[in-house]
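Notes for the one structure printed next.
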Amino acid sequence: MSAAPRPDDNAPVEAWKAYASELEGGLSAAERRAGYLQQQLNRVIGSPPWRMAQRLRRFLDDTIFAYSPRLRKLVVLTVRSGPAAAFEAVRTRTMPDTKFEAWLARNALTDAGAAELRAKIEALPAERKPLISILIPVYDTPRELLIEAVNSVKAQIYTNWELCLVDDKSPSPHIRPLMEKFAQEDARVRLHFREQNGHISRTTQDALNMAKGEFFGLLDHDDVISPDALARMVLKLSEHPDAGMIYSDRDLLEMDGHHTGPYFKPDWNPDLFMSNMYLCHLGVYRTALAREVGGFRAGYEGSQDYDFVLRLTENLTPEQILHIPYMCYSWRRVPGSTAQRYDAKGYADLASRKALTDALQRRGIQGSVESGNIPSQFRVRRTIQGSPLVSILIPFRDRADYLKRCIYSIRNLTAYPNYEFILLDNGSTEDATRQLLEEEQRESRVKVIRIDEPFNYSRINNRGAREASGEHLLLLNNDTEVLEPEWLSAMLEHSQRPEVGAVGAKLLYPDGRVQHAGVIVGVGEVAGHAFRFYPGADPGYYGSASAIRNYSAVTAACMMTRKNVFLEAGGLNETDLAVAYNDVDYCLRLREKGLLIVYTPYAKLRHYESISRGLSNNPRESAYMCRRWAKYMPDPNYNPHLSQVDEDFSIGV
């Protein structure tokens, strides 16, 4: 059935009502169809054959396919298109492009692009063309891989560099003659040969001691950097002369030379950094500051760069930490390396935990470092100071069954004891609701506020916030259900931090899939929920769904914020955002004030998503958000190369 034509702007109200009614009918039919299709998908995903296939795929990814991406493509082509198509691909030597291969083709450095970069570099004043020292600790590197690493430096468009090669007493006889050959061929290559094996930390520190550059970069002895890497770094640094460090995106370099596994990183994300060393490769750092903080310390082998950058960033403002959203570094997947498996080096995890524990002590943070949800990921658990009261604001209209389940799940499961309920009744009429409220009002820590006016989510919560007694406010939908005892304390440990403005939780649909794991601004029409529809246990893109990290916003379906911060910011926007996006707008206003927005996967709830009110999207509110927050589109806590349509962190087209 075709949709009715949109009425003219001057059409009578009745025409607009009829038009809206038809649109609602079409939406309802689409929702029913989507629900049916989702049920079918759930049956497939939950079936034993599917689960067995997933286990087999993970096994192959970690073994055979790790060495031959072409074989992976061939297997996928056989499954999808049949043996005949696979045979033809082998015969003609043509394999279908992956999304990343297409991205690489679109973003390949052309001769014209290289010439443009050279021209920009030449136009810089001399003081904006710093010497950059590239540090390569060497140990028993295969000849071909070391040659590739060094050649990638020699191929740089930016020429004001030096290469500091330090050999950690390699037993292989080819290392010393090869390094000496590099130095003979290019005067910018400088050498040092250690008399004793000292492992990676001491070797890297020796290279830093040699460095004459204003900045230095780290390059593993078997990896490569792109020809434009240093040029892009220098151009970015020229725009921010007080910068202390800069990092880029990276991909993986397979042993057969193919590029895979792109990691499109966010801009500086301090909580993600406390969860894992996401900055790794390519990093360029101010040399004087690096020496000031002590450089690379022995005893942190395997995570010496993590320990170093933790100390370095403690001496920098967020504005001094820059990010280039570009693939400047290729991390080779050598068998047994961390690039191939995150848990390949157990000692590195121990060193990371030690580095994080040191960081907490230096920063005066009471807490502990625990293992995270996946290998090489950590949870910094912060000690809650005192026992502050948390006011739980729950707006509702009837649906007593959902409100009761929400309240009872909190009472029966929550480990943190000091909270109160502020129940915000927006025009309930049903007897079941009246009876439930009569029962609840007998409880000493329950306050019911009747609000008989048209629905305005912002105004309702603002009213509740003003009448709340708690130091912290928890905005919570009535269609949620607590799943784990520590959910409230997991949010409070971050809400208490003076640098944090708001904290969001991990919300799951009733079928266990992700409904919310942070909000990405600019995805979809205005904003989208990260990893929506992912399996609940899936760690997400490089562990982002399973790690404590920063987003630009979180949903107010479950959001904690300090009361004084909420009131000083003016609460939610009652005028422009009565229904939708008021939580995103609130978070972005906090970001303007320099406060962080934190997502924690350790607060987990089930969310039935607007069951009592339904979903709403007002074009006027969408237009307001796009005008007001254009500067956050693309989202700095996301990456401009990721999809602006889908919420799955896939590569954009």
What accessible area per residue, rounded to a whole number of Å², is obtained for the stretch 211-325 using a probe radius of 1.4 Å? 28
Please list, by residue number, every one of the GluC sites (Glu not before Pro) in the stretch 407-473 that is coil in DSSP and has at most 12 other beta-carbon atoms within 10 Å. E430, E443
Using the Kirkwood radius over C-alpha pairs as Rh, can you work out the diffusion coefficient of the stretch 168-306 via Stokes-Einstein at 10 °C, viscosity 1.306 mPa s, in µm² per second? 93
By what distance, in whole Å, do the Cα atoms of the stretch 360-487 stretch along each of the three principal axes, largest value first? 55, 27, 27
Which trypsin sites (Lys or Arg not before Pro) in the stretch 444-475 sit in a loop by DSSP (not H, G, I, E or B) and have at most 16 other Cβ atoms within 10 Å of their own Cβ? R445
Radius, Kirkwood style, for the stretch 404-548 when every pair of distinct Cα atoms is counted (Å): 17.3
Relative packing of 129-138, 263-272, which averages over residues the other C-beta atoms within 10 Å, highest first: 129-138, 263-272
Could you please report the charge total around G470, scoring K, R as +1 and D, E as -1 over all other residues with beta-carbon less than 14 angstrom from its beta-carbon? +2
Rounded to the nearest percent, how much of the accessible area of the stretch 313-465 (1.4 Å probe, protein heavy atoms only) is carbon and sulfur? 47
Global form of the stretch 484-638, assessed from the alpha-carbon gyration tensor, a/c cut-off 1.5: rounded
Please give me the summed charge of the neighbours of L508: other residues whose Cβ is under 9 Å from its Cβ, Lys and Arg +1, Asp and Glu -1. +3
Theoretical FRET efficiency, 1/(1+(r/R0)^6), r = Cβ-Cβ of R363 and A119, R0 56 Å, to 0.05: 0.80
Taking the convex hull of the Cα atoms, report for the stretch 506-587 its projected area averaged over all directions, in nm². 6.0
Using the heavy atoms of the protein chains and a 1.4 angstrom probe, tell me the accessible area per residue for the stretch 437-573 in square angstrom. 31
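Going through the stretch 169-263, which GluC sites (Glu not before Pro) have at most 16 other Cβ atoms within 10 Å and a DSSP loop state?
Values: sites: E180, E185, E195, E214, E239, E254; in loops: E195, E214, E254.
Sparse-neighbourhood loop GluC sites (Glu not before Pro): E195, E214.
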Roughly how far apart, in whole Å, are the Cα centres of the stretch 233-296 and the stretch 400-447? 48
Check the straight Cα-Cα distances from K447 and name the lysines below 24 Å, setting aside those fewer than 8 residues away within the same chain. K404, K563
Relative contact order of the stretch 532-653: what whole-number percent is it, with Cα pairs under 8 angstrom and at least 6 residues apart? 30
For E574 the rounded accessible area (nearest 10 Å², probe 1.4 Å, non-protein molecules ignored) is 60
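The values are calculated or read from the model by the stated rules, or taken from the named source; none is laboratory data. Worth saying up front: this structure is predicted, and the values here are computed from it rather than measured. Quick reminder, even Gly has a Cβ in these numbers, built from the backbone with ideal geometry, and neighbours come from all protein chains shown. We work out accessible area using only protein heavy atoms, side chains counted, and drop any ligands, DNA or RNA first. Shrake-Rupley method; radii C 1.70, N 1.55, O 1.52, S 1.80 Å.
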